Amino acid sequence: MINFKAILAIYFHEIERTKRTLFQSIISPIISTSLYFIIFGAAIGSRINEIDGVSYGMYIVPGLLMLNLLTQSISNGSFSTFFPKFNGTIFELQAAPISGIEMIIGFVGATASKSILLGTLIIITSTFFIDLNIAHPILMIFFLIITSITFSMFGFIIGLWADNFEKLTLIPLIIVTPLVFLGGSFYSINMLPEFWQNISLLNPVLYLVSGFKYSFYEISDVSIMTSIITILIILLICILFIIIIFVKGYNLRN
Amino acid sequence: MTNLISLKKVNKFYNNSYHALKDVNLNIKKGEIFALLGPNGAGKSTLINTICGLAYHSSGLINIAGLDLKKNRKFIKTMIGLVPQELHLEAFDTVFSNVCYSRGLWGKKNNYELVNNLLKKLKLFEKKDSLLIQLSGGMKRRVLIAKALSHNPKILFLDEPSAGVDVELRQEMWEIIYKLKEEGVTIILTTHYIEEAEEIADRVGIINEGRIILVEEKKQLLAKLGNKKLVLKLSKKLKSLPIFLKNYSAKLNKNGKELEINLDKSKNDILDIISLIKKNKLSFLEFDIKKRSLESIFIDFIKGNTK
C-alpha cells in the first residue's frame, strides 16, 4: 500500500525548509536574474541587434529561465538528499515504512515545486523589464514542469552520490552552468562558425533552451520535437539511475 | 511470554566482506525489556539496524510478530520505533514540527493532541516551539524518544540511551522505559553499562565479534558477572601481592601503588578484608568500592577469568 502520508510529510517538510531559507532559495535567484535583465536587457541589450526578430532583452528570457531551473533544481534536489546523510537524520528515512518511490515523489516533488514557483516568479519579474509574449503557453508550462522534475531528480542522484560539499556543488557549477551558457541561452548557434555549431549540438542543454525559446517566440536552434525527445530521454536516464540506486541500495542502506 | 522477535542463523556481511553478524540466534519476548551488551564494535548497532530494516541481513531468518522481515519489511517497520545512539536531528526545525514529521513518515494522520501529550510526558512541552539546535543533549535525546514513540510502536529500540547522559536524565529515561513497558511496548536496548542492564532489563544478551555469546535472565547474569572490587591506594609501593591475600582474587596496579581485590557477591567480605589488612599492618591512604564496568567484566569473561 502506498504511504501517502509519508509522501506528504516529506513534501511539506521540504517546503517548510524552503520557507526557512527563502532568501537563498527564491529571492537570491530572482535578484540575480533581475541584474541580468538590467545589464543584458536594458543597458547592453539596447545596443545589440535583434536576434531572429526578437529584441535581445526578450531573447535571453528562456535561457535565463533555463539557467535558474537547472541550477536551482539540481542544487535544491542535491541538498535535500545530501543533508539527511550529512546530519545523520537519514536513519529516520531508512527506518520508516517508506519505499524508494515514495521517497522520490516526496523529495523530487518538493524540489520541482520550488523550481516551478521560481520559474513562474522569474517570468513575472521579466515583465517588469520587457514586453513578454508567450507564443505557446501550454508548451512553455510543459517545459517548465518537465525540466524542473527531471533536474530535481538529477539533483537527488547527486545528493546520494556526493560525500562532501565540494562534490555537491561540482556538477551545477562546473558542468551545468557552462553547458547552459554555451547552450545558446544568450545567442543563437547560427551566429557561430559551422564547426562550433556542430560542437554545440553535442550539448544536451542546447536542446532544452531551444525548446523553451520555441515555446516563447517560435524561434529555435533545433526542431521542437528534438527538444521534447531530448528532455524525455534525460528524464528516462534519471529514472533508470534512480531505479538502480534503490535496487542496489547505493548510499541508502548498509 | 511468546516470542515477538526471532532470529535464526542470521549473518551480515558488509560490502567489504566484513562479517559483522555471525550465525546469530536470538529470541525476544513480547513485553520484555531486553538489554544487549557488548564492547565497541561487537555488532550491537548492526544487529539493531538489521532488525529495524536499516541494513539487510545476508542470510538467516528474522521473524517479527510472526512475519518474515525480508517479505514484510515495510509492514514490520510500522511496528518499530528506533532511538539512535547519536543525536541526529535537524538543527533548524522546531521540536513540535519534527515530532509531527516523524509521525507522518510512519503513515499516521496528524494528531496534535497526541504529540502534545507525548511532549508533556517527556517534559518537552515547554520547548515545543524551540529550535532543535537550541536544546541540550539530554533534551535532544528525549526528542529522539518522542519521535520514535510518535507512531505508537509495539517495539522500541534504544541504541545506547545513556551515552553522554547525566545521572538525573538517566534516571528519567529509565522511568520512561518502565512506563512504556507497562503500556505493553517491547523494548530492546543496547548499552555499555551493566548498571543500566541491572536497573531495567528483564533479560540480558551479550554480543562479541558479531556472535551472541550469552543470553540470560538478568539476575542470573548479575550473579555471574556483576561483582564489585575493593580498590586501595597504598601508602608505600608493593613489589608483590601480600601473602595474606592469597585466598582472594587480587592484583596490584599502578606499579604497586594500588591494590585491587575482587569481592565475592555471595559473601559480604569487605569488613573481613579491611580487618585482615589492618591486622597485617598494610597502610593505605584511601579506599574505594568500585563496580566493574561491563568492558572489564566482558574482557575477563571472554578470557575465561570470570567464574
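Points to keep in mind about this one:
- Some residue of region B:140-156 being open to solvent by less than 70 Å² (accessible area, probe 1.4 Å), more than 17 Å from the chain's Cα centre (by Cα) and farther than 28 Å from B:Leu7 by Cα: yes
- Single residue of region B:65-77 satisfying the filter (at the interface with chain A (Cβ under 8 Å from one of its Cβ atoms) and open to solvent by 50 Å² or more (accessible area, probe 1.4 Å)) that is nearest to A:Thr21 (Cα to Cα): B:Lys74
- Residue tally, condition farther than 24 Å from B:Cys52 by Cα, in contact with a Lys or Arg (Cβ under 6 Å, 6 or more places away or on another chain) and among the polar types (S, T, N, Q), over region B:76-121: 0
- Across region A:86-105, the qualifying residues are those that are more than 22 Å from A:Asp163 (Cα to Cα) and part of a helix (DSSP H, G or I), and the one among them that is least open to solvent (accessible area, probe 1.4 Å) is A:Glu102.
- Within region A:200-235, tally of residues that are free of Cβ contacts under 8 Å to residues at least 12 places away in the same chain and more than 19 Å from A:Leu179 (Cβ to Cβ): 2
- Unmet requirement for B:Ile133, which otherwise passes all of (1) within 14 Å of another protein chain (Cβ to nearest Cβ); (2) among the aliphatic types (A, V, I, L, M); (3) open to solvent by less than 20 Å² (accessible area, probe 1.4 Å): (3)
- Within region B:38-64, the set of residues being in a loop (DSSP other than H, G, I, E, B) and more than 21 Å from the chain's Cα centre (by Cα) comprises B:Tyr56, B:His57, B:Ser58.
- Residue within region A:24-44 that is within 13 Å of chain B (Cβ to nearest Cβ), surrounded by fewer than 17 Cβ atoms within 10 Å (Cβ to Cβ) and farther than 30 Å from B:Asn72 by Cβ present: yes
- Of the criteria (1) over 20 Å from the mean Cα position of the chain (by Cα); (2) away from every other protein chain (no Cβ under 14 Å); (3) charged (D, E, K, R), which one A:Glu102 fails: (2)
- Here B:Gly41 meets the list (1) at pLDDT below 90; (2) in contact with a helix residue (DSSP H, G or I) (Cβ under 9 Å, 6 or more places away or on another chain) almost entirely, failing just condition (2).
- Region B:35-64, subset among the aliphatic types (A, V, I, L, M) and within 14 Å of chain A (Cβ to nearest Cβ), residue surrounded by the most Cβ atoms within 10 Å (Cβ to Cβ): B:Leu47
- Candidate set: region B:80-111, residues that are open to solvent by 40 Å² or more (accessible area, probe 1.4 Å) and under 30 Å from B:Ile64 (Cα atoms); chosen: the one farthest from the other protein chains (Cβ to nearest Cβ): B:Asn111
- For A:Val176: the one exception among (1) outside any helix (DSSP H, G or I); (2) in contact with a Leu (Cβ under 9 Å, 6 or more places away or on another chain); (3) not polar (S, T, N, Q): (1)
- Test: A:Ile189 is of a type outside the set (Lys, Arg) and exposed (fewer than 14 other Cβ atoms within 10 Å of the Cβ): no
- Here A:Asn68 meets each of (1) assigned to a helix (DSSP H, G or I); (2) within 11 Å of chain B (Cβ to nearest Cβ) with one exception, condition (2).
- Selection of region A:1-23 for residues being open to solvent by less than 90 Å² (accessible area, probe 1.4 Å) and either among the basic types (Lys, Arg) or more than 8 Å from chain B (Cβ to nearest Cβ) (or both) yields A:Lys5, A:Ile7, A:Tyr11, A:Glu14, A:Ile15, A:Arg17, A:Thr18, A:Thr21, A:Leu22.
- Selection within region B:190-199 - hydrophobic (A, V, I, L, M, F, W, C) and either open to solvent by 10 Å² or more (accessible area, probe 1.4 Å) or over 17 Å from B:Ile48 (Cβ atoms) (or both): B:Ile194
- Applying the set (1) of a type outside the set (Phe, Trp, Tyr); (2) within 12 Å of chain A (Cβ to nearest Cβ); (3) in a strand (DSSP E or B); (4) touching an Asp or Glu at 6+ places or on another chain (Cβ under 8 Å) to B:Ala20 leaves exactly one unmet item: (4).
The values are calculated or read from the model by the stated rules, or taken from the named source; none is laboratory data. Just so it is clear, the structure is predicted and the values come from calculations on it, not from any experiment. Glycine gets a Cβ as well: all are built from the backbone with ideal geometry, and neighbour counts include every protein chain shown. To get the accessible areas, we keep the full protein, side chains included, count just its heavy atoms, and leave off ligands, DNA and RNA. Shrake-Rupley method; radii C 1.70, N 1.55, O 1.52, S 1.80 Å.
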